[in-house]
Each structure stands twice: as structure tokens, then as C-alpha cells.
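Below you'll find the structure, written out as C-alpha cells, and then a few comments.
The values are calculated or read from the model by the stated rules, or taken from the named source; none is laboratory data. Here the structure is a predicted model, which means the values were calculated and not measured. Neighbour counts run over all protein chains shown; Cβ positions are idealised from the backbone, glycine included. For accessibility, only protein heavy atoms count, side chains too; no ligands or nucleic acids. Shrake-Rupley method; radii C 1.70, N 1.55, O 1.52, S 1.80 Å.
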Amino acid sequence: MLFFLKNAKSAQLESALNAKQAEDGPGAWANLPEDQLFTPADFSEARAEATAYSNYSYWGSTLRSFLKNKFAVALLIALVAVVGFAFLQPHLPGQVDPNYCRVDPDTGIQLRNIAPGVDGFVWGSNAIGQDLWARIWAGTRTSLVIAFFVAMIEAVVGITVGVLWGYVRQLDFFFTELYNICDNIPSTIILILISYVASPSVPTLILGMSLTGWIAMARFIRNQILIIRDRDYNVASRCIGTPTFRIVLRNLLPYLVSVIMLRMALTVPAAIGSEVFVTYIGLGLSVETPSLGNLINDGRQVMMQAGLRYQLIYPTIILSFVTIAFYLIGNAFSDAADPKNHLQ
Amino acid sequence: MRAILSRRQFLKSAGMTTATVCAAGLLSACGSSSSGAASGAASADTSSYTILYSSQPSTLNYLTTSSDIEMVVGANCVDTLLEFDNKGVMKEGLATEWTFDEPSLTWTFTLRDENWVDMNGEVIAPVTAQDFVDALRYQLTPDYAAANVGLITSYIAGAEAYYDYQVNLTNANNNLVGDDGTTYTVDAAGVVTVSTPGADPQTFQPVDFESVGVKAVDEHTLTYTLTYDFPGFLSLLVYLPYEPAYGPLLEEMGDQFATSAETTYSCGAFYLSEYIPLESWVMKKNPENYDADNVFIDTVSRIYNAEADVNGPEMVKRGEIDEATIGADILDSWLADDATKDLVSMDRPNTNYTYFYLFNFMPFYHEFSNQTVEGLDDTYEPENWAKAINSTNFRKAFLYGINNSVTLAVSAPEGYEGYKLNTVTPPSFCANDDGVDYTQCGDLASITEFFDEAKAKEYRDAAIEELTAQGVTFPVKVQLPYNPSTANWDRQCQIFKQQLEGVLNDGADFIDIIITEGPSDNYLSAVRRAGKYCFQLCNWGADYSDPETETDPFYQAEGDRGGRYAYLRTGVEDGFITGETADAIMAYMSAVEEAKTITTDINARYEAFANAEAMLINNALVVPMGMSVPAYLATRLNYWEGQYASTGFSNKRLKGIHVLDHYVSMSEYEANRDAR
Amino acid sequence: MASYLARRIGHSILTLFIIVTLVFCLLRLMPVEGYFANYEKMTETQIQAGLQSMGLLDPLPVQIFRFWRDAFHGDLGVSHIYRVNVPVVDILKDKLPISIQMGVLAMIVSLVVGIPLGSVMGRFKHRLPDQIGTAIVILIQAVPAAVYYLYIQMYGTTALNIGLLFNADRWQYWVLPVFSMSLGNIAFYAMWLRRYMVDESNKDYVLLARAKGASENRIALRHIFRNAMVPLVQYIPSAFLNTVVGSIYIESLYSIPGMGGLLVTCVQRHDNTMVQGIVLLYACVGIIGLILGDLLMVLIDPRISLGKKEGGR
């Protein structure tokens, strides 16, 4: 489902970017009231100096702009706390192995379905006495790692290919054809097929999820490059002999940072969602690798028993929080990273 | 009187049930005839029975399948020559009389009048002796790849020769060239020549079906001629390969036989009236059946639902279906809830399947004439493993170190003690002429529970000393695979690893159990038969009522692949299993061979088989585990009225069972059991 | 226009050809057990013989050629596991109608609910209705569908006083599956429409309308909404495709005899020919959807001419 959101948001940014570019020039101050248009200015040495030099810093402005969004900042702090805790948790004292089944010392029989808060099980135990607290954090780690790699692959491959696609005209036909193919098969089907052909494991899942994701990113980059590459300042750069890669790196990419960041942020929840789906249809990870998909699927089996519902609720809360947080922060950050929003 | 059970009592008694049944079992030959618990209440829906199913059969062809869900049609819609009653005693079925002629090894059956009906319940033709002959011939046709062909070729005279010829003929007709360059040719006279490069060509003379020991003497007289006086033959008749099928239909349909309701005819208690894969599956009472008066359910409907585990229990609560499995993970909360605790009972104990752990004695690549074993992957150090299992101390450390209670508790919460086994053959499987249970015969009688941490550590220390000298590196890697589609197996593996490592790695670095996930499809071919495991839980279900069937997983004839379980003998033949272990294996093989030759003196036969089995266990060539745990059910059926046997498919038959107007509670279940 | 259409369709057929050929090759990597119903019981000689008779030992190009030749004649081979030896086309023929009906209904519901929701959100941007709407949209997307579908089924059936499983003959039984199926698209349409309306509201013609003194409601409805719908339209066909694919959960929950569960079942049971057939079908639906989307755009917005620039994406 989250693929929807991702595509929607990036297409929206794309069209906004195009619109703004069309408006550049005199249109930008058309809205100013007349008296502001022509006001005589007093001479000020400081301000005269200021025009000669700007202390504008892209990342600084981005940060300032982002910090203005209080809600997003709060969410970011919470997200960092959750993610940080997920990775810190196994190193804390008193934590158990997520696969360890606690047993009754007298009989050797596992402590099954212990309710949260009882017997030292913070979030209860599952049907074979494994600690859900440990399992959920371990699962969060697995799912985040998968999501992180998928996002990285999408970004690296997508940007590289997108730049090539946009810059090297001979490649255009090939990539356009590839795009048409990938875009015509629902991504769920590709995911199912990959999991079907290769046996389920973390690398397989990463491969399956990033197999088609990069092409959307590449397409987007390519479109932007086509628009920007023949702008006057780029033509000027070329004339004075700037190497192509430098043009790409310095003139083009900063323009796209906001969208790239957003896409990456949205890939994370999308990847987690896909993992849940793949597990649901029985192509997920093995029991020894807890993941949010595994846990939610196990929880689903018992969700109609009010007393056992905690096994579903806790992983779902974590999953939903991570998903929503990434989505909202991604949006806020991409707004902040857009240079056109900086000088207002 | 319905006593109110506490949750704990319930679980305890559920476990006890098994023990009681085993004691009662087949031995209680006589008893009052059962009419079951009264289903007097004339509520309208006691005539139909509806359940969900989540595993789709790929065929209903009872002649070719051997999988559980696919035999439902064979069990309910086709009658067998003989039947079991609800206490496991054999009685007449389609045959009214049967006699054995010892000198000619020939069984003669007299059939009653019975008709084939189609999917609308309309009579097609009478069931004749020829239908049994045609069914057997169908299964001996290699193109149909019948799963139970081994249960025919081993016992019916001439069947093996006929089948071998047919296989080669089919290969020749297909112009098949084997991987190793083997070619098949057939000449005008029908002689098939099989030429393997580097070996003398073999020729196979044409074998006529007339030479196979099954004959329709007349419409109502059927004879089977056996290869030897096989004691379990009558019980084998109550199973798929010896069911009849309407000859002309087989001829017409070929491999399409019984793939839908249109392509099969029924002659049993029910007829198949509708079958739409992934939708529904309906069987209706067959009024033409000779025993129709004992069939109390008019319509049996199965509705496909992929989420049956979740939806089934909920639909029972709402009264929408008549039965659902209550999984071990939700059982506790059902019993804790007053509204649902009286809805839960269980299936009858299944004394058919038993579980045991096997060591893989074939960790290397090996080619049999009709099977290739790939052996362990290098990651799991096959060389190291081969040396380790050659040590009896190493294996005994496992035998004494494994606590079966904890793994059984996964599927049988708290009732687990009742399902533990220290033998491969379950109790009350069969009894000798004096009524002594097979598990109490010979050396099996002296076997008691093995689990003993101190002993396990003794054996471990001895093994470490012995194996270090042979250059084995510790910890020994133990690949423990599971099938993700088998409920609870993944959990059992996790528990198992923790328990056994807890014992054996306490104070030493002995083993490293590595749990691996097998494919959910064709698991056995990909894992067990391919030799891709170190240690694994396996099961075996008896095909007939004789201890010989329990040797199938272990016994291997010289050079043969055997039951493709542990390849015990192959390791010895290939020379890496040596010394004490090799002696034990070969002693077992010859003990089995000897026991098989005893066919008249049942007591001696059982004792010989029991001694062989005890040899296997005491040498830790196999580690017994337990019986299959009957599912906890919320059901409106009184299962104790139904046919019951420790072999074959009788437990799946719905004939004689009433649908009650309420769900059976545990105390009622016990009352029904005692009343039968 | 006609020439564009011809070119477009020709191009789509090429794409379809490539997709299916790729999937075909991919499935050749699969273990051969997917071609035998009782693989576990067969000897290696039987397996070899079976593979040979099915032509699976031939070189790949020969197999591909044969597949396309047969497919052209409407023959996608026979199922080997799911329903032994039943032609794939027959199986799909039985399963497709109910999925299409469900999909169409779900699409109507999602349009009927999603578009008003989106336009209210767009009209009251950054105000309470917008915030509530956004929260709903995000929740639908963030909570795993597998979880809330089950709750809808359990509590919905109680509320409607109907059985848990689907029954095509009574309309009550259609309500819950169709509603569940449309949830994703409701969120999708609402989010898009809101976005487009917000974008449009900064345009000059809106300024003009406001200057003329048109009421805000009138502006939103008569001016902004109409223009915002144009880009939305092209996504409707592909959203429909996603609905049909997304029905996997729902069909298995309610025992609806449709396509969704079929792919999963066939994948799990390694029925290679069935997987091939279903992917071919989905790819067709996807491509037809894209063409339809483009055509719809032209019909709705006379400013767009397809001859010039390919597609609208």
C-alpha cells in the first residue's frame, strides 16, 4: 500500500518543482503590493556590504527550516529514541535472547502465553515462552535493517542510473523500455516471484524489494536532469569546461536532495509493509530471525482471543509508529530541504 | 452426569486419555455394541456436517495418492473388502466371506451386491470383482505414478515383475535417455533392452498382466495370490491400493480419473457430489450403499478458507460450522473462558503415526540405481559428522540427553506425558496370540525412559575423549531442519535446541545445533531423502497391523536405498561407518531378515521383531520421541462411534457417526469413549 | 488519434511480450517439482520421462516459441498441481468474473467515498476536516492491512448479523469485502485529490474567480475541483489493478472464489504453469489499464493531445 504514498508524494514534488521552475523570473514577485515595489531605500553600509556576500548555507537553512516544524522535531526525537533503543536493547543488562524459551525450572516446560507484566515478561511471552519484549526489539532491528538496505540500494542505484539515463542520450531507449516493463507489473507480483524463485532470507527480501524500486527513482532523477541540464547556468558551466560529473554533483543533485530524502524516508515504511505481506503469504523469514512481519503474523493467529491479543498489539504499535514517523518526518524534511522554501 | 473440569484437570485428562486408549486399544476385542451417545434431540441440523479446510487437495484420486487430505474421498466414498469397527476389530465390508488357501497362498473373497453411483447419486453399474482387478492394473501403470505401488508389488505375486517391465517399456516408448546415458529400446516382440554405458545391457521379457496374482473368478468372487504368507494382508485391504474403481471409467479417464466430481464414481457410505478446488467440497449420503442404515449424516460440506486457523474457532463460537481445530496457542484461553471451555474436546488418539529422531548416516553423495543422495552441505562439515555418528557414545549422549516432554508440550500443553514413547512402535499397535502387546514382547519390554542428564553427560565425556583422538572438531555442527508448513515444528526445534544444548553443552563445547528451514513443498525429497540433515524428527505411519511395517524406515536390503530415512546400511557399505556401530547396524539388518521369515508362529515373529527394534534403540541408532498428538477440537461429532484402527485410513470414515446438537465437551468425550 | 492509439497498442504488446518472456525464463529456474502432482513418490526415471514428454528438456528458445504459439491460440498449458491437467485458461475463466465484480464495486465505493473526502480536505486545507482526513489516510496506510481486515470481518459480520464467509447470493455479504477492498484506494484518492486541489488553488484563475466575488464553496467545487480531477483520472485504472491484486488478503479471509488467493496458492504449491498464466493476465490488465488511463485523460481534458507526448506519466 505504501508504494502508493511514495509515488504520490514524489510525483507531487515533481510537479511542484516544474511549476516553480516555470514561474521563475518576474512572476515571483508579482504578488508584492505596489508600495513595496518602489520604496526608496536609505543608505546603510552594513546592508551594502551584505549584498556582496551571503552567508547562506544549504544544510544550515535546511536544518533551521526543519526545526521550525515542532511536531516533526518531536516525532524525530521519538523515532530516534525508538530506533536507538532497538539497537541498544541487546546490550543493556538483563536482556534475554529473543529465541530463548523460558522454562519452568521444575518441569522444564516452557512458560507459555504469560500475560504482559507477569513473571518479568514486560510484554508477555508467546506460545513457547519466548520473551516478546526481546523478540519485538529484535524484529524491529531486522525490519529496519532490511528497510535501510532497500532504501540505500534504491538511492544509490536509482541516482546513478537516473543521471546516466538523463545525460547519455543513447541509453534513453533502453531504460525507458525497462521502465515500461517494471511499471506494468504490480510490485507485489514481482516480490512474490522473487521470494518464490529464491529461498527466503534477509538478502533475498532486500533484493526482491529493491529490484523494481530503483527504477522509479531513476526515472524521476532523469526527468529532472532533462529539465535542468540545459539551463543557462549549466550551459555556462559546460562552456567553461566544467567536467560533467562536477556539473551533476554541484549543479544538479542539490536541487534534488529534498526528493531523494523523501523517497528514502518513504521506502523504509514501504519495505516494512512488504515484509509483513510476504510473511503473510508464507514466503517470509525463518523463525530464528524474528521480524515485525513474523511477529504480526504470529499475533494474527491468536488475535480473536482477548487474553492473547497483546501478542498482536505490541508489534503493531511499533510498526505503525515507525511507519507514520518516517512518513511524516520524510514529508517535513523534504519541505525543509527544498531550497525554494529557504529564503522566505 | 457432566462433571465440571478445571482447565488443569482438562489438560491432564486429555493426556490420560491416550494412555487409557492405548491400554484398551485393539485388545478389547469384545464389548457391547455401541450406539454412541444419544443424539435424540431432533434439531434440524444434525443431519449435516460442515467444516473449513485450508489445505487444498491436488487430486482426489485415491488410487494414486498417499497424502492425508486426499484420502478422504477414498475412505468415505469407496468401500473396502473389509472394515474395522469402532474398537478396531475387523469385520466384513464389501466382502461377506474370505478364506485363505495356504499351499497356493491365495485369499478368496466373496463380494456382496453393491452399485457404483455418480455425482448425482444415480446408479451406474454394479461393483464387481473385475473392478478390483482394474484398480490394481491402473496402479501398476507407471504413467499414473501411483504412490502406494510398493504396497502392491511387495505382496501380490507377479506384480513386481509386471511393474518393472512396464516401467522400462514406458521409458522405451518415451525414448528416454537417463542422466548417465542409459537408453531403453523395445523390439517387435516387446522385449525391452536397457543399456547403461559401461555395463552389460539388461533385457526384460514381456510380462502379461495375467501373471499378476489378482483374479476376478466371477462377478462376486475375487482372489489375491500373495508372494508369501504375509500376516498383515487383511488389514492392508482396508487401505487405498486395494480399493475398487469402475474399470470402464478408469479406461476412459486415464490420468484424469477422480480429478473432479464428474470423473469419479462412488460405492461407499457417501458419494462425492460437488468438488470445486479452493471453494467447496460436498459429500452426500449414498442411499444405494448396503450399509446406508448406519450412515447418519446426510451432507458433509467442506468449505475452503485459507484463514481456517483464525476463522474456524470464531465460526464455532457463532455456531456456523460443526467443527474446528483449536490450536495449542489458543487452547489455554478457550479453556479459561466459561463460554467456550465446554466446547473443546479432542480427536481420537492416533495410534498410527509415531515420531522419532534420526541421525543421518549418509552425509555424503551417493547414487542408488533409482535415487541420488546429495548429502550434507559443506557448511555442516559432513566429514566431521560422519566420524561423530560412528561413535556409539556420541549417539547415546543424544539418546539420554533429550527430554521429550518439553518438545511434546508445544503441541500437547500439560498432557504431554501421555504421548511420550520409548519405542518406535506405539503401544496397542498389535498383540501376539497370547494377547501380549507388541511393545511388551522380547527385549522391548525392558526399555524404559532414557532421559537422564547425568548419564548423558557421562556418554558425552566419553564421546569427547574418543572423538578427539580421531580428530573430530568440537562443537560438532548438527543441522536440524524443519518444514515450515507443519504446525508447531518450528517451535519444537527451538525448544529442542535449547533443551539439548542445555544438557550437553553444560561444561563442554559439545554440539552446535543449527536450525534450518526446509522448503514447504516436497520437503521430504529436498531434505530427508536427499540426506540434507544431521538430526531430524521423522515419523512413520503403519500401513498394516504387523510389526514388519515398523521396520520400513530402517531396514535396507543389501545395496538398496530402503525407506530413504537414515540410510543406515549404506554408510556401512560405503565403509565410513565401522566398528561397533557397523556391527550393530548389520546385526539389526539380519535380525529383521530373520524375523520376516517367521510367518506361522506369531509369538516368535513378534518377539524377533521386538528384539530387533530394541537393538536399534539401545544402540541409539534411533531416538524414540512420541505419538502424534491428537488435535484439540471443537466438534459436534461423536467420533467414538466411527471406525477406528491403528493403520490405514479407517479413522477418517464418517460412517456410523452422529452429528450432535451441541459441541462435545471433554467429559462427554470421555464418557463416549468408555461407552463404546 | 487513431494512429497514436495503434502505435500505443503495438508498443504495449511488445512490452507484454517482454514481461511474459522474462517471467517464463524466471520460472525455468524453478525446481522441476512444480510440474508433478506427486513428485515425492516418483523415481528419477519417471521424472525425466515426464519432463521430456512436457518438452521441458528442449532448449529455452524452443520452449518460449512453443509457449507463445500456444498462447496465441488461447492455450496456456495445463495446471500440474492445483488442478491436475485442467487447462489454465479454464481455471482462470471460472475465477476471473467474481474478482472483476468485486474490483469494480470496490473501485466505485472508493471513488464515491474518496473523492468527497479528498475535496473536503482540499477545501478546508489545514483546518480540522483536513487534519482528521489526513489522520485517517495515514492510519489506513500505516497499520498493516492484514490486521484491520480481520477486525473488520469479525466485528462487521456481527454488526450486520451475517455469517463469516462470503455468500454471493445475498447482497449483505458483499458489503464488508468490498468496503475492506476499497479502503486503500479511498486513502489514495483522498490524498491525491487534496494535493491537486491545494496545487490548483494557487493558480491565477482561482484568483480571478475570487476577485469576481465567487463564494469559496463555489470556487472549490466549480473551479478547483474540476481541474484537480484531471490528473487524478489517469490513476484510476492502475488503482483498479492494485485493487484486484490487493484482494489476496480479503479473498482468503472471506473464502471468496476469486483470483487473489489463486496466485498465492499456486506460488506456494509451485504450480509453474498456473503462475505463468496468472502473471500474463495481470500484466495484460496492467497494460490495458495504462492505455485506458491515457484515453480517459483525453476525454476529460480537451487540452491534452496524445499525439505529441507519450503518456501522461
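Quick rundown of the values:
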{"item": "Residues located in segment C:148-157, provided they are at the interface with another protein chain (Cβ under 7 Å from one of its Cβ atoms) and crowded, with 21+ Cβ neighbours inside 10 Å", "result": "C:LEU150"}
{"item": "Test result for B:MET283, touching a Leu at 6+ places or on another chain (Cβ under 7 Å), under 30 Å from B:LEU343 (Cβ atoms) and away from chain C (no Cβ under 14 Å)", "result": "yes"}
{"item": "Counted residues, segment B:306-331 - those being open to solvent by 20 Å² or more (accessible area, probe 1.4 Å) and within 29 Å of the chain's Cα centre (by Cα)", "result": "6"}
{"item": "Residue check, B:THR372 crowded, with 24+ Cβ neighbours inside 10 Å and part of a strand (DSSP E or B)", "result": "no"}
{"item": "Residue satisfying all of: in segment B:300-319; without any contact (Cβ under 8 Å) to a residue 40 or more places away in the chain and of a type outside the set (A, V, I, L, M); farthest from the other protein chains (Cβ to nearest Cβ) among these", "result": "B:GLY319"}
{"item": "Among residues of segment B:424-443, those that are assigned to a helix (DSSP H, G or I) and either among the small types (Gly, Ala, Ser) or surrounded by fewer than 22 Cβ atoms within 10 Å (Cβ to Cβ) (or both), counted", "result": "3"}
{"item": "Test: residue in segment A:116-127 that is assigned to a loop (DSSP other than H, G, I, E, B), buried (at least 18 other Cβ atoms within 10 Å of the Cβ) and in contact with a Cys (Cβ under 6 Å, 6 or more places away or on another chain)", "result": "no"}
{"item": "Residues (open to solvent by less than 30 Å² (accessible area, probe 1.4 Å) and in contact with a strand residue (DSSP E or B) (Cβ under 8 Å, 6 or more places away or on another chain)) located in segment B:250-267", "result": "B:SER260, B:ALA261, B:THR264, B:SER266, B:CYS267"}
{"item": "Within segment B:283-299, tally of residues that are open to solvent by less than 20 Å² (accessible area, probe 1.4 Å) and β-branched (Val, Ile, Thr)", "result": "2"}
{"item": "Residue among B:TYR353, B:TYR400 that is open to solvent by 10 Å² or more (accessible area, probe 1.4 Å), modelled with pLDDT of 90 or more, out of contact with any Pro (no Cβ under 6 Å at 6 or more places or on another chain) and not in a loop (DSSP other than H, G, I, E, B)", "result": "B:TYR400"}
{"item": "Per-region count, segment B:129-159, residues part of a loop (DSSP other than H, G, I, E, B), open to solvent by 20 Å² or more (accessible area, probe 1.4 Å) and more than 14 Å from chain C (Cβ to nearest Cβ)", "result": "3"}
{"item": "Residue tally, condition out of contact with any strand residue (DSSP E or B) (no Cβ under 8 Å at 6 or more places or on another chain) and assigned to a loop (DSSP other than H, G, I, E, B), over segment A:62-114", "result": "10"}
{"item": "B:ARG491 being within 14 Å of chain A (Cβ to nearest Cβ) and open to solvent by 10 Å² or more (accessible area, probe 1.4 Å)", "result": "yes"}
{"item": "Given (1) in a strand (DSSP E or B); (2) away from chain C (no Cβ under 14 Å), index of the condition B:ILE297 fails", "result": "(1)"}
{"item": "Elements of type helices (runs of 4 or more DSSP H) in segment C:161-271, at least 2 residues being within 11 Å of another protein chain (Cβ to nearest Cβ) and more than 26 Å from C:ASP301 (Cα to Cα)", "result": "C:172-200, C:236-254, C:260-268"}
{"item": "Per-region count, segment B:475-510, residues over 31 Å from the mean Cα position of the chain (by Cα), aliphatic (A, V, I, L, M) and under 18 Å from B:ASN404 (Cα atoms)", "result": "2"}
{"item": "Some residue of segment C:235-256 being of a type in the set (D, E, K, R) and surrounded by fewer than 21 Cβ atoms within 10 Å (Cβ to Cβ)", "result": "no"}
{"item": "Selection from segment A:96-110 of residues that are more than 16 Å from B:PRO413 (Cα to Cα) and among the polar types (S, T, N, Q)", "result": "A:ASN99"}
{"item": "Every pair of residues 6+ apart whose Cβ atoms lie under 9 Å, when the first sits in segment A:146-164 and is farther than 15 Å from A:LEU249 by Cα and of a type outside the set (Phe, Trp, Tyr) while the second is part of a helix (DSSP H, G or I) and open to solvent by 70 Å² or more (accessible area, probe 1.4 Å)", "result": "A:ILE153/A:LEU207"}
{"item": "Subset of segment B:579-631 (residues that are more than 30 Å from B:ALA324 (Cβ to Cβ) and β-branched (Val, Ile, Thr))", "result": "B:THR581, B:ILE585, B:VAL592, B:THR597, B:ILE598, B:THR599, B:THR600, B:ILE602, B:ILE617, B:VAL622, B:VAL623"}
{"item": "In segment B:367-387, the residues that are farther than 25 Å from B:SER66 by Cβ and within 14 Å of chain C (Cβ to nearest Cβ)", "result": "B:GLU367"}
{"item": "Hits in segment A:132-174 - residues which are within 14 Å of another protein chain (Cβ to nearest Cβ) and open to solvent by 20 Å² or more (accessible area, probe 1.4 Å)", "result": "A:ASP172, A:PHE173, A:PHE174"}
{"item": "Looking only at segment B:219-234, and only at residues there that are under 16 Å from B:GLY150 (Cβ atoms) and not aromatic (Phe, Trp, Tyr), the one that is surrounded by the fewest Cβ atoms within 10 Å (Cβ to Cβ)", "result": "B:THR227"}
{"item": "Test set (1) more than 14 Å from every other protein chain (Cβ to nearest Cβ); (2) buried (at least 21 other Cβ atoms within 10 Å of the Cβ); (3) not in a helix (DSSP H, G or I) - B:THR473 fails condition number", "result": "(2)"}
{"item": "Matching residues in segment C:164-185 - criterion: being touching a Phe, Trp or Tyr at 6+ places or on another chain (Cβ under 9 Å), polar (S, T, N, Q) and either surrounded by 23 or more Cβ atoms within 10 Å (Cβ to Cβ) or within 22 Å of C:LEU241 (Cβ to Cβ) (or both)", "result": "C:SER180, C:ASN185"}
{"item": "Residue list for segment C:105-128, filter: aliphatic (A, V, I, L, M) and open to solvent by 60 Å² or more (accessible area, probe 1.4 Å)", "result": "C:LEU105, C:ILE108, C:VAL112, C:VAL113, C:VAL120, C:LEU128"}
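Residues checked against (1) modelled with pLDDT of 90 or more; (2) within 30 Å of B:ASP661 (Cβ to Cβ):
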{"position": "B:SER47", "(1), (2)": "no, yes"}
{"position": "B:THR64", "(1), (2)": "no, no"}
{"position": "B:ILE69", "(1), (2)": "no, yes"}
{"position": "B:CYS77", "(1), (2)": "yes, yes"}
{"position": "B:LEU82", "(1), (2)": "yes, no"}
{"position": "B:LYS87", "(1), (2)": "no, yes"}
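Here is a yes/no grid of residues against (1) of a type in the set (S, T, N, Q); (2) at pLDDT 95 or above; (3) in a loop (DSSP other than H, G, I, E, B):
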residue: B:THR203; (1), (2), (3): yes, no, no
residue: B:PRO206; (1), (2), (3): no, no, yes
residue: B:GLU210; (1), (2), (3): no, no, no
residue: B:TYR228; (1), (2), (3): no, no, yes
residue: B:LEU234; (1), (2), (3): no, no, no
residue: B:VAL238; (1), (2), (3): no, no, yes
residue: B:PRO241; (1), (2), (3): no, no, no
